[in-house]
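The values are calculated or read from the model by the stated rules, or taken from the named source; none is laboratory data. Source: prediction; values computed, not measured. Ideal geometry is used to build each Cβ from the backbone, glycine not excepted, and the neighbour counts take in all protein chains shown.
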Amino acid sequence: MMHSRNLPKQPTTFISYWNVGKLLYGALLIFIIETLYYYHEFMAAYQNGHLAIKLFWTWCLLFSFSHIFLVVMDSWSRFQDYKRIKDYLFQYGFNPRIISPYRGSKCQRMAVLAAARELGMQNEVEHYFLKLGIKWFHFIPTFMIKDPFFLLKSNFWARTFTEKYYEPKFNYKEFQKIPA
C-alpha cells in the first residue's frame with residue numbers, strides 16, 4: 001500500500017487531462033480543420049456539382065464531423081482510465097497486472113503514463129512497456145490488427161467512447177511533498 005509515500009507536486013486537473021489526451025487533441029484539431037474544409041467543398045458542390053460530387057463531399061463532411069465527437073468521447077474515456085489507474089497504482093504500487101489491460105492502445109498507455117508520472121512511477125511503467133516490446137511509435141491499437149471487425153463489437157464502442165465516470169478515491173494533493 002502506498003498511502004504514506006510523499007508524492008511529487010500534483011498538477012491541476014486541466015494539466016492531467018491535457019497529459020492524458022494530448023494526442024487525441026491533435027486529432028481533434030485536425031478533424032475540426034477537415035470539417036471546415038469539407039464544409040466549404042460541400043457548399044461549392046451543392047451549388048454547382050453533380051450528384052456524385054455532392055455525395056462525395058457529403059460523405060467526407062459527415063465522416064470528419066462525426067469524428068470530432070468520437071475524439072471528445074475517447075478523451076473522456078481515457079481520463080476515466082487515468083483516474084482509475086492512478087488510484088490502483090497509489091493503493092497497490094507498481095504491478096504489471098494493473099498496467100497490462102491498458103497496454104494495447106497508445107491512448108491508454110498515455111493515460112497510464114500520466115498517472116504513473118504523477119505518482120513517481122514513470123520509470124517502472126516505461127520499463128514494463130519496453131520489456132513488452134512496445135515502442136513510442138506504436139500508435140495503432142493491437143485489437144485493430146488482431147480483429148479487423150472491431151467496429152462491429154459493442155465492447156469496442158463501450159470501452160473506447162462511453163467509459164463511465166470514475167470518482168477518484170484520494171485527494172492526491174494531500175500526499176504531495178511539502179516544499180522546504
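Values computed for the structure shown
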quantity: Residue check, Arg78 of a type in the set (Lys, Arg), in contact with a Cys (Cβ under 6 Å, 6 or more places away or on another chain) and within 22 Å of Arg159 (Cβ to Cβ); calculated: yes
quantity: Wholly enclosed helices (runs of 4 or more DSSP H) of region 44-154 bearing at least 2 residues under 23 Å from Ile32 (Cα atoms) and either aromatic (Phe, Trp, Tyr) or within 17 Å of the chain's Cα centre (by Cα) (or both); calculated: 51-92, 106-118
quantity: Which numbered condition Pro168 fails, given (1) of a type outside the set (A, V, I, L, M, F, W, C); (2) part of a helix (DSSP H, G or I); (3) at pLDDT 95 or above; calculated: (2)
quantity: Region 89-127, residues that are surrounded by fewer than 16 Cβ atoms within 10 Å (Cβ to Cβ) and free of Cβ contacts under 8 Å to residues at least 12 places away in the same chain; calculated: Asn95, Arg97, Ser100, Pro101, Asn123, His127
quantity: Selection status of Tyr37, under 29 Å from Asn95 (Cα atoms) and assigned to a helix (DSSP H, G or I); calculated: no
